Amino acid sequence: MSWIGDALTEWVQDLMIPGIKSNITGIFDATNDQVSNISVQIGQTPQGWNRDIYNMIKTLSDTVILPIAGSILAFVMTLELIQMITEKNNMQDIETWSFFKWAFRAAAAILIVTNTWTIVMGIFEAAQSVVRTASGLIGASGSLGPDTSELETLLRSMGVGELLVIWFESVLLNFAGKVISIIILVVIYGRMIEIYLVTSVAPIPMATMLNRSWGSMGQNYLRSLLALAFQAVMIIVCVGIYYTLIRGISFTDDLMAGLLSCLGYSVLLCFVLFKTSSLSKSVFNAH
(Lines give C-alpha, C1' and ligand atoms only; values in the text may rest on other atoms or scores of the structure.)
Protein backbone atom coordinates (compact mmCIF):
# COMPACT_ATOMS: atom_id res chain seq x y z
CA MET A 1 0.00 0.00 0.00
CA SER A 2 3.02 2.29 0.20
CA TRP A 3 2.77 2.93 -3.49
CA ILE A 4 -0.70 4.44 -2.91
CA GLY A 5 0.73 6.81 -0.32
CA ASP A 6 3.58 7.76 -2.63
CA ALA A 7 1.18 8.35 -5.49
CA LEU A 8 -1.07 10.46 -3.27
CA THR A 9 1.90 12.50 -2.06
CA GLU A 10 3.07 13.04 -5.63
CA TRP A 11 -0.44 14.08 -6.66
CA VAL A 12 -0.64 16.61 -3.82
CA GLN A 13 2.81 17.91 -4.73
CA ASP A 14 1.80 18.35 -8.36
CA LEU A 15 -1.31 20.17 -7.19
CA MET A 16 0.26 22.49 -4.60
CA ILE A 17 3.81 23.17 -5.76
CA PRO A 18 2.84 25.37 -8.74
CA GLY A 19 0.68 27.50 -6.42
CA ILE A 20 3.44 27.77 -3.82
CA LYS A 21 6.01 28.70 -6.47
CA SER A 22 3.62 31.29 -7.88
CA ASN A 23 3.06 32.82 -4.44
CA ILE A 24 6.76 32.90 -3.58
CA THR A 25 7.83 34.37 -6.91
CA GLY A 26 4.97 36.85 -6.59
CA ILE A 27 6.42 38.06 -3.30
CA PHE A 28 9.76 38.82 -4.89
CA ASP A 29 8.34 40.12 -8.16
CA ALA A 30 6.38 42.84 -6.33
CA THR A 31 9.35 43.68 -4.12
CA ASN A 32 11.81 43.69 -7.04
CA ASP A 33 9.55 45.98 -9.05
CA GLN A 34 9.15 48.52 -6.27
CA VAL A 35 12.76 48.46 -5.09
CA SER A 36 13.93 48.90 -8.68
CA ASN A 37 11.38 51.69 -8.99
CA ILE A 38 12.99 53.43 -6.02
CA SER A 39 16.32 53.70 -7.82
CA VAL A 40 14.62 55.05 -10.92
CA GLN A 41 12.33 57.53 -9.18
CA ILE A 42 14.80 59.13 -6.79
CA GLY A 43 17.38 59.43 -9.57
CA GLN A 44 15.22 62.04 -11.30
CA THR A 45 15.01 65.79 -10.78
CA PRO A 46 11.63 67.50 -10.27
CA GLN A 47 11.46 68.48 -13.94
CA GLY A 48 12.37 64.96 -15.05
CA TRP A 49 9.97 63.12 -12.73
CA ASN A 50 6.80 64.70 -14.15
CA ARG A 51 7.20 67.57 -16.58
CA ASP A 52 3.50 68.50 -16.52
CA ILE A 53 3.51 68.98 -12.75
CA TYR A 54 6.84 70.79 -12.97
CA ASN A 55 5.52 73.25 -15.55
CA MET A 56 2.37 73.83 -13.52
CA ILE A 57 4.33 74.54 -10.33
CA LYS A 58 6.80 76.79 -12.13
CA THR A 59 4.00 78.79 -13.75
CA LEU A 60 2.29 79.16 -10.36
CA SER A 61 5.55 80.29 -8.77
CA ASP A 62 6.33 82.83 -11.50
CA THR A 63 2.86 84.33 -11.86
CA VAL A 64 1.40 84.15 -8.34
CA ILE A 65 4.13 83.63 -5.74
CA LEU A 66 6.86 85.82 -7.22
CA PRO A 67 4.82 89.10 -7.02
CA ILE A 68 4.01 88.31 -3.38
CA ALA A 69 7.69 87.65 -2.73
CA GLY A 70 8.51 91.02 -4.31
CA SER A 71 6.11 92.77 -1.92
CA ILE A 72 7.60 90.93 1.05
CA LEU A 73 11.12 91.82 -0.12
CA ALA A 74 10.17 95.50 -0.36
CA PHE A 75 8.67 95.36 3.13
CA VAL A 76 11.59 93.64 4.85
CA MET A 77 14.22 95.79 3.17
CA THR A 78 12.30 98.98 4.04
CA LEU A 79 11.95 97.74 7.60
CA GLU A 80 15.69 97.05 7.72
CA LEU A 81 16.43 100.55 6.43
CA ILE A 82 14.24 102.09 9.13
CA GLN A 83 15.87 99.98 11.82
CA MET A 84 19.33 100.87 10.54
CA ILE A 85 18.51 104.59 10.71
CA THR A 86 16.80 104.61 14.12
CA GLU A 87 19.29 102.40 15.91
CA LYS A 88 22.10 104.91 15.26
CA ASN A 89 20.74 107.64 17.56
CA ASN A 90 18.24 108.93 14.95
CA MET A 91 20.89 109.39 12.25
CA GLN A 92 23.27 111.27 14.55
CA ASP A 93 25.92 108.57 14.39
CA ILE A 94 25.07 106.97 11.05
CA GLU A 95 27.71 106.60 8.36
CA THR A 96 27.23 107.00 4.63
CA TRP A 97 28.75 103.55 4.11
CA SER A 98 25.72 102.04 5.87
CA PHE A 99 23.50 103.12 2.98
CA PHE A 100 25.86 101.48 0.49
CA LYS A 101 25.73 98.25 2.52
CA TRP A 102 21.94 98.38 2.58
CA ALA A 103 21.82 98.99 -1.17
CA PHE A 104 24.17 96.06 -1.78
CA ARG A 105 22.04 93.77 0.42
CA ALA A 106 18.89 94.90 -1.38
CA ALA A 107 20.45 94.26 -4.79
CA ALA A 108 21.65 90.82 -3.68
CA ALA A 109 18.20 90.02 -2.29
CA ILE A 110 16.54 91.03 -5.57
CA LEU A 111 19.03 88.86 -7.48
CA ILE A 112 18.23 85.88 -5.24
CA VAL A 113 14.46 86.30 -5.61
CA THR A 114 14.53 86.72 -9.39
CA ASN A 115 16.73 83.61 -9.72
CA THR A 116 15.00 81.53 -7.05
CA TRP A 117 13.90 78.79 -9.43
CA THR A 118 17.41 78.40 -10.82
CA ILE A 119 18.85 78.15 -7.29
CA VAL A 120 16.26 75.62 -6.14
CA MET A 121 16.62 73.39 -9.19
CA GLY A 122 20.40 73.65 -8.92
CA ILE A 123 20.21 72.15 -5.42
CA PHE A 124 18.23 69.17 -6.71
CA GLU A 125 20.49 68.75 -9.73
CA ALA A 126 23.51 68.54 -7.41
CA ALA A 127 21.76 66.01 -5.16
CA GLN A 128 20.65 63.85 -8.08
CA SER A 129 24.19 63.80 -9.42
CA VAL A 130 25.29 62.37 -6.07
CA VAL A 131 22.43 59.83 -6.19
CA ARG A 132 23.36 58.61 -9.66
CA THR A 133 26.99 58.17 -8.62
CA ALA A 134 25.98 56.40 -5.39
CA SER A 135 23.64 54.06 -7.29
CA GLY A 136 26.51 52.87 -9.43
CA LEU A 137 28.80 52.33 -6.43
CA ILE A 138 26.24 50.60 -4.21
CA GLY A 139 24.97 48.33 -6.97
CA ALA A 140 21.36 48.18 -5.80
CA SER A 141 20.07 46.35 -8.83
CA GLY A 142 19.19 42.89 -10.07
CA SER A 143 16.45 40.46 -9.08
CA LEU A 144 16.09 38.96 -5.63
CA GLY A 145 14.67 35.65 -4.43
CA PRO A 146 15.34 31.92 -4.54
CA ASP A 147 16.27 30.14 -7.74
CA THR A 148 13.11 28.51 -9.16
CA SER A 149 14.86 25.25 -10.04
CA GLU A 150 16.24 24.90 -6.50
CA LEU A 151 12.80 25.80 -5.13
CA GLU A 152 11.19 22.98 -7.13
CA THR A 153 13.69 20.44 -5.77
CA LEU A 154 13.26 21.70 -2.21
CA LEU A 155 9.47 21.51 -2.34
CA ARG A 156 9.56 18.01 -3.86
CA SER A 157 11.47 16.78 -0.80
CA MET A 158 8.71 17.92 1.58
CA GLY A 159 5.73 15.98 2.85
CA VAL A 160 2.06 16.90 2.44
CA GLY A 161 1.84 18.54 5.88
CA GLU A 162 4.86 20.76 5.25
CA LEU A 163 3.51 21.75 1.84
CA LEU A 164 0.15 22.74 3.35
CA VAL A 165 1.86 24.94 5.95
CA ILE A 166 4.15 26.57 3.39
CA TRP A 167 1.24 27.11 0.98
CA PHE A 168 -0.82 28.88 3.64
CA GLU A 169 2.08 31.01 4.81
CA SER A 170 3.12 31.83 1.24
CA VAL A 171 -0.38 33.20 0.59
CA LEU A 172 -0.08 35.47 3.64
CA LEU A 173 3.44 36.54 2.71
CA ASN A 174 2.39 37.23 -0.86
CA PHE A 175 -0.36 39.54 0.39
CA ALA A 176 2.04 41.21 2.85
CA GLY A 177 4.57 41.70 0.05
CA LYS A 178 2.00 43.54 -2.06
CA VAL A 179 1.11 45.78 0.90
CA ILE A 180 4.79 46.56 1.44
CA SER A 181 5.24 47.41 -2.24
CA ILE A 182 2.34 49.88 -1.94
CA ILE A 183 3.93 51.46 1.14
CA ILE A 184 7.22 51.88 -0.74
CA LEU A 185 5.33 53.51 -3.61
CA VAL A 186 3.61 55.92 -1.21
CA VAL A 187 6.93 56.94 0.38
CA ILE A 188 8.65 57.66 -2.94
CA TYR A 189 5.73 59.46 -4.55
CA GLY A 190 5.00 61.31 -1.32
CA ARG A 191 8.53 62.70 -1.28
CA MET A 192 8.24 63.97 -4.84
CA ILE A 193 4.89 65.63 -4.14
CA GLU A 194 6.41 67.25 -1.04
CA ILE A 195 9.22 68.60 -3.23
CA TYR A 196 6.71 70.18 -5.62
CA LEU A 197 4.73 71.69 -2.74
CA VAL A 198 7.81 73.16 -1.07
CA THR A 199 9.31 74.55 -4.27
CA SER A 200 6.02 76.14 -5.37
CA VAL A 201 6.38 78.87 -2.69
CA ALA A 202 10.17 79.16 -2.91
CA PRO A 203 10.35 82.93 -3.75
CA ILE A 204 8.62 83.94 -0.49
CA PRO A 205 11.14 82.53 2.02
CA MET A 206 14.02 83.34 -0.30
CA ALA A 207 12.93 87.01 -0.22
CA THR A 208 13.80 87.12 3.49
CA MET A 209 17.19 85.45 3.13
CA LEU A 210 19.42 88.52 3.66
CA ASN A 211 17.30 90.35 6.21
CA ARG A 212 18.64 90.48 9.75
CA SER A 213 15.27 89.96 11.47
CA TRP A 214 13.53 87.67 8.99
CA GLY A 215 16.59 85.88 7.61
CA SER A 216 16.04 82.75 9.71
CA MET A 217 12.93 81.96 7.60
CA GLY A 218 14.89 81.88 4.37
CA GLN A 219 17.84 80.07 5.92
CA ASN A 220 15.63 77.35 7.38
CA TYR A 221 13.84 77.01 4.04
CA LEU A 222 17.18 76.50 2.31
CA ARG A 223 18.11 73.84 4.88
CA SER A 224 14.74 72.15 4.25
CA LEU A 225 15.46 72.07 0.52
CA LEU A 226 18.86 70.50 1.14
CA ALA A 227 17.24 67.94 3.45
CA LEU A 228 14.65 67.01 0.80
CA ALA A 229 17.25 66.83 -1.94
CA PHE A 230 19.76 64.71 -0.04
CA GLN A 231 17.06 62.47 1.43
CA ALA A 232 17.41 60.68 -1.91
CA VAL A 233 20.99 59.77 -1.00
CA MET A 234 19.81 58.18 2.26
CA ILE A 235 17.09 56.29 0.37
CA ILE A 236 19.56 54.81 -2.11
CA VAL A 237 21.80 53.75 0.80
CA CYS A 238 18.78 52.04 2.40
CA VAL A 239 18.09 50.18 -0.83
CA GLY A 240 21.73 49.10 -1.03
CA ILE A 241 21.60 47.77 2.54
CA TYR A 242 18.34 45.95 1.75
CA TYR A 243 19.86 44.24 -1.30
CA THR A 244 22.87 43.17 0.73
CA LEU A 245 20.70 41.69 3.49
CA ILE A 246 18.38 39.84 1.11
CA ARG A 247 21.26 38.36 -0.87
CA GLY A 248 22.63 36.96 2.38
CA ILE A 249 19.50 34.86 3.02
CA SER A 250 19.78 31.11 2.40
CA PHE A 251 16.52 29.64 1.12
CA THR A 252 17.86 26.11 0.73
CA ASP A 253 18.56 25.52 4.44
CA ASP A 254 15.11 26.60 5.68
CA LEU A 255 12.66 27.91 3.10
CA MET A 256 10.12 29.30 5.55
CA ALA A 257 12.77 31.00 7.68
CA GLY A 258 14.21 32.55 4.53
CA LEU A 259 10.82 33.86 3.44
CA LEU A 260 10.11 35.27 6.90
CA SER A 261 13.53 36.92 6.95
CA CYS A 262 12.78 38.47 3.56
CA LEU A 263 9.46 39.78 4.87
CA GLY A 264 11.17 41.17 7.97
CA TYR A 265 13.81 42.98 5.89
CA SER A 266 11.09 44.39 3.64
CA VAL A 267 9.17 45.73 6.66
CA LEU A 268 12.44 47.17 7.97
CA LEU A 269 13.05 48.84 4.60
CA CYS A 270 9.61 50.50 4.75
CA PHE A 271 10.24 51.72 8.30
CA VAL A 272 13.64 53.17 7.46
CA LEU A 273 12.31 54.80 4.28
CA PHE A 274 9.76 56.64 6.43
CA LYS A 275 12.58 57.69 8.78
CA THR A 276 14.81 59.11 6.04
CA SER A 277 12.81 62.35 6.00
CA SER A 278 13.37 63.12 9.69
CA LEU A 279 16.96 61.87 9.56
CA SER A 280 17.78 64.15 6.64
CA LYS A 281 16.16 67.13 8.35
CA SER A 282 18.13 66.35 11.48
CA VAL A 283 21.41 66.29 9.54
CA PHE A 284 20.71 69.67 7.93
CA ASN A 285 19.12 71.15 11.09
CA ALA A 286 15.90 71.90 9.22
CA HIS A 287 12.75 72.54 11.23
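From the list TYR189, TYR265, TYR243, which one is among the aromatic types (Phe, Trp, Tyr) and either in contact with a strand residue (DSSP E or B) (Cβ under 7 Å, 6 or more places away or on another chain) or under 30 Å from SER61 (Cβ atoms) (or both)?
Sole residue among the options that is among the aromatic types (Phe, Trp, Tyr) and either in contact with a strand residue (DSSP E or B) (Cβ under 7 Å, 6 or more places away or on another chain) or under 30 Å from SER61 (Cβ atoms) (or both): TYR189.
Would you check which residues across the stretch 231-259 are farther than 30 Å from ALA126 by Cα and either of a type in the set (Gly, Ala, Ser) or without any contact (Cβ under 8 Å) to a residue 60 or more places away in the chain (or both) and list them? Even if it seems obvious, please write down each step before you answer.
As a first pass, look at the stretch 231-259 and keep what is farther than 30 Å from ALA126 by Cα: 246-259.
Of everything in the stretch 231-259, those that are farther than 30 Å from ALA126 by Cα and either of a type in the set (Gly, Ala, Ser) or without any contact (Cβ under 8 Å) to a residue 60 or more places away in the chain (or both) turn out to be GLY248, ILE249, SER250, ASP253, ASP254, ALA257, GLY258.
Would you mind stating whether GLU194 is surrounded by 16 or more Cβ atoms within 10 Å (Cβ to Cβ) and among the acidic types (Asp, Glu)?
In short, no.
Could you give me the residue pairs with C-beta distances under 9 Å whose first residue belongs to the stretch 206-230 and is free of Cβ contacts under 8 Å to residues at least 12 places away in the same chain, whose second residue is surrounded by 22 or more Cβ atoms within 10 Å (Cβ to Cβ) and of a type in the set (S, T, N, Q) wherever it lies, and which are 6+ apart or on separate chains?
Listed pairs, sorted by first residue: GLY215/THR208; SER216/THR208; GLN219/THR208.
Taking into account only those residues within the stretch 270-287 that are hydrophobic (A, V, I, L, M, F, W, C) and part of a helix (DSSP H, G or I), which is nearest to MET217 (Cα to Cα)?
VAL283
Among the listed residues ALA126, ALA103, ALA109, which satisfies the condition of being surrounded by 15 or more Cβ atoms within 10 Å (Cβ to Cβ), assigned to a helix (DSSP H, G or I) and at pLDDT 75 or above?
Going through ALA126, ALA103, ALA109 in turn, just one is surrounded by 15 or more Cβ atoms within 10 Å (Cβ to Cβ), assigned to a helix (DSSP H, G or I) and at pLDDT 75 or above: ALA109.
Is one or more of the residues making up the stretch 148-169 closer than 30 Å to LEU60 by Cβ, assigned to a helix (DSSP H, G or I) and at pLDDT below 80?
Looking for residues that are closer than 30 Å to LEU60 by Cβ, assigned to a helix (DSSP H, G or I) and at pLDDT below 80, one finds none in the stretch 148-169, hence no.
Quick one: would you say ILE38 is β-branched (Val, Ile, Thr), at pLDDT 70 or above, within 30 Å of ALA232 (Cα to Cα) and part of a helix (DSSP H, G or I)?
yes
With SER216, SER200 as the choices, which residue is surrounded by fewer than 22 Cβ atoms within 10 Å (Cβ to Cβ), in contact with a Leu (Cβ under 7 Å, 6 or more places away or on another chain) and within 30 Å of ARG105 (Cβ to Cβ)? Show your work before the answer.
Values: SER216 fails: in contact with a Leu (Cβ under 7 Å, 6 or more places away or on another chain).
Going through SER216, SER200 in turn, the sole match is SER200.
If we keep just the residues of the stretch 245-269 that are out of contact with any helix residue (DSSP H, G or I) (no Cβ under 9 Å at 6 or more places or on another chain) and part of a helix (DSSP H, G or I), which is surrounded by the fewest Cβ atoms within 10 Å (Cβ to Cβ)?
Of everything passing the filter in the stretch 245-269, ARG247 is surrounded by the fewest Cβ atoms within 10 Å (Cβ to Cβ).
Residue check, ASN90 against (1) part of a helix (DSSP H, G or I); (2) surrounded by fewer than 17 Cβ atoms within 10 Å (Cβ to Cβ); (3) modelled with pLDDT under 70, all met but one. Which one?
(1)
The values are calculated or read from the model by the stated rules, or taken from the named source; none is laboratory data. Quick caveat: nothing in here was measured; it's all calculated off a predicted structure. All Cβ positions, even for glycine, are placed from backbone atoms using ideal geometry, and neighbour counts span all protein chains on display.
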